[in-house]
Amino acid sequence: MMFLFLTWLAVCLLLTIAAKVYKKPLSGIFTNIYILLVICIFSPVYILTHRLIFFLLSFVVEIEKPITIPSQDMRGKICIVTGCNTGIGKETAYGLGILGATVIMACRSESKGEEAKKELEGRKLLSRRNNLFSNEGKFIVEKLDLSDINSIRQFIKKINEKYSDSGIDILVCNAGLNSMKVSQSGLPEVFEVNFLSHFYLSLKLLPLLRKRSELKNCPTRLITLGSVMHHIGDWDAKAWETDVGGGYRNSKVAMCILADEINRKEKQYFDSKTPKNLKNDPKTLNSHVWGLSVNPGAVRSDIFRFLPKTLHYLFELLIMKLFFLSTKEGATTSLVAATNDDYCDHRYHFKNNNFNNKLTY
């Protein structure tokens, strides 16, 4: 918007000078047409040039834009993030860790999870000078293979045994894949891993989220990841089981619906348990499980690793590097949903940076 405004001012100035030089002032309507034409021509040129400069510089140095999240004290909070040995999940885990939270890194591969943990702990050490809470943040790796029901059950059992008394604060259903395979159960693998496994996990861990909200008298959160692709997904659940080609976008539609339904039902549950005289009390208002669905945007993650190597390389080089967000930028929406207490709606997109206290890194 600033660029468009400056362009408009520059064109007005040039037209004013031209009118004085040639002593033929242009009529108002034609002046506005000329301004619009110039903006329409130069805006895409500016954007493409800006992207191209960053694209070329990325081969020389690693350029990463800083992100801004609420500077929330997360010390004592217990957070679970699925699929966080790489991509958006790893950045989400890091953001929660530097705010002081205990982050359970639920990863399919324990060895890769431990490598990611080591990296995040090193980065956290560097962030201590700018953040008061990072000293108490810690990362715990647990095995969770969302394509294996036995692995899911073992993970649920372990979490229930460990946190049955305290409950948990946040569950971020982040893990996902994008493939055209059919699972052993005959369902699209991408739909089974992205949604069905998270659905089962969410239902089984929901009592721990409820327990925490009741003990601490504060909201707890179940966060699901939508996608730019969910806008073209099928909202007819009957199509989900058979549409292999649309498995990814349909799984993201399902994740949005899951968050919406969790939010609605938990609000009802909270209202049924809360005495009438306390329902509007600021201390207890919205102190239930929030279902939040976020859209990270188009992100340069490894979600496209299923593509043939040559095609993946070209796609990353020509499209992702030029136009996609970094995984750090993609994690912003998840982190805002996890930390911003002023936001209690269940809508899926967070773009507002108007927080009382901010942390930029």
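The values are calculated or read from the model by the stated rules, or taken from the named source; none is laboratory data. In this text the structure is predicted, and so the values were computed from the model without any measurement. Note that each Cβ is placed from the backbone with ideal geometry, even for glycine, and that neighbours are counted across all protein chains shown. Calculation scope for accessible area: heavy atoms of the full protein, side chains included, ligands and nucleic acids excluded. Shrake-Rupley method; radii C 1.70, N 1.55, O 1.52, S 1.80 Å.
With respect to the cross-link table entries K90/K117; K158/K252; K117/K143; K117/K138; K65/K328, which display a Cα-Cα separation exceeding 19 Å?
Numbers: K90/K117 9 Å; K158/K252 28 Å; K117/K143 13 Å; K117/K138 9 Å; K65/K328 8 Å.
Check vs 19 Å cut-off fails for K158/K252.
What nm value, rounded to one decimal, do you get for the distance between V228 and Y200 when each label is placed 7 Å out toward the C-beta?
In this crude spin-label approximation the distance works out to 3.2 nm.
Roughly speaking, what is the stretch gain from K273 to D73, that is 0.36 nm per residue apart minus the C-alpha to C-alpha distance, in nm to one decimal?
Result: 69.2 nm gained on full extension.
Mind ranking 204-216, 286-298 by how tightly packed they are, going by the mean number of other C-beta atoms within 10 angstrom, highest first?
286-298, 204-216
Taking Rh as the Kirkwood radius, which is the inverse of the mean 1/r over Cα pairs, what is the Rg/Rh value for the range 87-165?
Result for the range 87-165 is an Rg/Rh of 1.02.
What is the packing order of peptides 160-167, 78-85, 187-194, taking the mean over residues of other C-beta atoms within 10 Å and listing the highest first? Don't skip to the answer; put the middle values down first.
Numbers: 160-167: 13.4, 78-85: 26.9, 187-194: 23.9.
Highest mean packing first, the order is 78-85, 187-194, 160-167.
Round to the nearest 0.05 the FRET efficiency obtained for E316 and R123 when R0 = 25 Å and r is the Cβ-Cβ distance.
Working: r = 23 Å, r/R0 = 0.94.
Efficiency, from the Cβ-Cβ distance: 0.60.
In whole Hz, with x marking every Gly and Pro, tabulate ³J(HN,Hα) for the range 136-144 from phi via Karplus 6.51 cos²θ - 1.76 cosθ + 1.60, θ = phi - 60°.
9, x, 8, 10, 10, 8, 10, 7, 8
Tally up the carbon and sulfur contribution to the accessible surface of the range 153-202 as a whole percent, 1.4 Å probe, everything protein left in place.
Numbers: 1160 of 2250 Å².
Summing carbon and sulfur atoms, their accessible area is 51 percent of the total for the range 153-202.
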